[in-house]
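Below: the structure, in structure tokens.
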Amino acid sequence: MTGSTLPRRLGLLSTVGVLIGIVIGSGIFRVPSIVAAEVGSAGAALLVWVVGGLLTLSGALTLAELAGRYPQPGGAYVFLREAYGPLVAFLFAWVKLVVAGPAALAAVALIFAAYTGGFVPLTDVQQRIVAAGLLLVLTLLNLRSVAWSAALQNLSTAAKLLALTGLALLLLSFGGGSGALAEPIGWTPSSWGGFGIALITVLWTYTGWVDLTYLAGEVKDPARTFPRAMAGGLIAVVLVYLLVNIAYLYVLPLGELARSSTVAADSARRVFGAAGTALVSALVMVSTLGSLNGTFMTSPRVFYRMAGDGLFFRSVGAVHPRYQTPYMAVLLYLVLGVLGISTRTFEQLAQMFVLGSWPFYALAVGAVFVLPRRDPAGVPVRRSWGHPWLPAGFLLVSLAMLINGAIRRPTQTGVSFLILFSGIPAYYAWRAVQARRLKARSAEA
């Protein structure tokens, strides 16, 4: 059974739960140390999170418009296909298949496994086994029921929001105030190039806003639900991220924060001792569990839609006859995640994800200018607040960020773009194979 047959089951609450659940994953427990090392001042570190949040919100509100116009499984993939044609859409899915998919799953799963060390000591190999096992469990859940997955998402999202807010308030109440905020704050980064690299890493912590659009074919009343979910969910995320970062900076000096690979645990240990480490380990595990589950709910829909368009194996577009889930696409995503776990570190995965995916995010946002001209008879959209200035600003900042990334991280950028362009011959090879198959079938008929 193939085609766009996924039922619309998700309302506003579940849609917000999926968004927040994906966005708040592992990044807030790891990325603040990378930011501190790149920008060199407490004020600039906070500024990066604000800029990243505003950039994300401007892009998300734009894609919410398009989700109302094209409420189909695959979201951003569909917007790219309608605006720029099947080749660009294929390249987006290709990058997700080869780079972004493995990176998104593996980076978060590895953080989950690393923090299990707060309870059971694990070697590097054992951590990778735990990460792969978690992906398998979530795969089975998402194969069985979208409703079950949504219930887990709502529960884990509520738990992580309460726990993160509570942790920040405890650190601010009992942290002693001897950290970076006790020093001259300084709002200017040590270098603007470093600020740009920090922004790339911060954007990793916000990336679930694009993933949410992949559920456009399963959300009730998408024209109304998506703008509300995007705005409300992302504003909540930005506020929580700022509160948590202020708490880290209140407890830890900037140099210590920059050297920490487990910043949340180190902050809690400074204030509460060993009990704080266990508390944070449990919080990280809940947070990453929800993020991974949300990713399984959304990203396989890209491959499902791609197969429906004839640009991937037809079997990947299969819908389970009983559970009404895109089970073959979900299984493919499991394989990608396990491959990522086996081959990369967290930092490599995060930077590869952003550098490989962001050009397509920019193109998807730019589609809001292209589609009214390309498809003037299409369904009218509700213009988001700030149109056209927000999407235009998003595109300019994205371009500057990608140029800076190419200058400061040429190897990672080069690898990401090499993989991207390798999709071009793959696309034409696939189309040639499909054309031969159709010709053979016509001859047999």
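The values are calculated or read from the model by the stated rules, or taken from the named source; none is laboratory data. Note that this is a predicted model, so its numbers are computed, not measured. All Cβ positions, even for glycine, are placed from backbone atoms using ideal geometry, and neighbour counts span all protein chains on display.
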So, in segment 232-260, how many residues would count as being within 16 Å of Leu203 (Cα to Cα), of a type in the set (S, T, N, Q) and surrounded by fewer than 22 Cβ atoms within 10 Å (Cβ to Cβ)? 0
From Val330, Val338, Val316, residue being in contact with a Pro (Cβ under 9 Å, 6 or more places away or on another chain), assigned to a helix (DSSP H, G or I) and free of Cβ contacts under 8 Å to residues at least 24 places away in the same chain: Val316
How many residues does segment 148-178 hold that are out of contact with any strand residue (DSSP E or B) (no Cβ under 8 Å at 6 or more places or on another chain) and either at pLDDT 90 or above or hydrophobic (A, V, I, L, M, F, W, C) (or both)? 20
For segment 268-279, enumerate the residues that are farther than 14 Å from Leu169 by Cβ and out of contact with any Lys or Arg (no Cβ under 8 Å at 6 or more places or on another chain). Arg269, Arg270, Gly273, Ala274, Ala275, Ala278
Being in contact (Cβ under 8 Å) with a residue 40 or more places away in the chain, among the aromatic types (Phe, Trp, Tyr), surrounded by 24 or more Cβ atoms within 10 Å (Cβ to Cβ) and within 24 Å of Lys220 (Cβ to Cβ), is that true of even one residue in segment 71-82? yes
Every residue from segment 406-426 that is in contact with a helix residue (DSSP H, G or I) (Cβ under 6 Å, 6 or more places away or on another chain) and modelled with pLDDT of 85 or more: Gly423
Count of residues meeting criterion [in a helix (DSSP H, G or I), under 21 Å from the mean Cα position of the chain (by Cα) and among the hydrophobic types (A, V, I, L, M, F, W, C)] in segment 14-44: 11
Cβ-Cβ under 8 Å pairs, at least 6 apart or on other chains, segment 356-376 side touching a residue at least 24 places away in the same chain (Cβ under 8 Å), far side surrounded by fewer than 16 Cβ atoms within 10 Å (Cβ to Cβ): Ala362/Leu399; Val368/Pro388; Leu371/Gly378
Do the conditions hold for Ala45, that is, is it surrounded by 24 or more Cβ atoms within 10 Å (Cβ to Cβ), over 23 Å from Gly290 (Cα atoms) and small (Gly, Ala, Ser)? yes
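Would a scan of segment 196-209 turn up a residue that is more than 18 Å from the chain's Cα centre (by Cα) and over 22 Å from Pro7 (Cα atoms)?
yes
Condition check ((1) closer than 24 Å to Asp309 by Cβ; (2) at pLDDT 85 or above; (3) out of contact with any Leu (no Cβ under 9 Å at 6 or more places or on another chain)) across all residues:
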position: Val368; (1), (2), (3): yes, yes, no
position: Arg373; (1), (2), (3): yes, no, yes
position: Ala377; (1), (2), (3): yes, no, yes
position: Trp385; (1), (2), (3): no, no, no
position: Leu390; (1), (2), (3): no, no, no
position: Phe394; (1), (2), (3): no, yes, no
position: Asn404; (1), (2), (3): no, no, no
position: Tyr428; (1), (2), (3): yes, yes, no
position: Arg441; (1), (2), (3): yes, no, yes
Search result, residues across segment 4-35 that are within 20 Å of Trp204 (Cα to Cα) and of a type in the set (A, V, I, L, M): Val16, Val18, Leu19, Ile20, Ile22, Val23, Ile24, Ile28, Val31, Ile34, Val35
Among the residues of segment 148-195, which ones are in contact with a Leu (Cβ under 9 Å, 6 or more places away or on another chain) and closer than 30 Å to Leu136 by Cβ? Trp148, Ser149, Ala150, Leu152, Asn154, Ser156, Thr157, Ala159, Lys160, Ala163, Leu164, Leu167
Could you identify the single residue in Leu138, Leu155, Leu169, Leu162 that is crowded, with 17+ Cβ neighbours inside 10 Å and part of a helix (DSSP H, G or I)? Leu138
Go through segment 395-410 residue by residue and tally those that are under 13 Å from Gly356 (Cα atoms), touching a residue at least 40 places away in the same chain (Cβ under 8 Å) and aliphatic (A, V, I, L, M). 2
So for segment 272-288 (the condition being in contact with a helix residue (DSSP H, G or I) (Cβ under 6 Å, 6 or more places away or on another chain), touching a residue at least 40 places away in the same chain (Cβ under 8 Å), within 30 Å of Leu66 (Cβ to Cβ) and not small (Gly, Ala, Ser)), does at least one residue qualify? yes
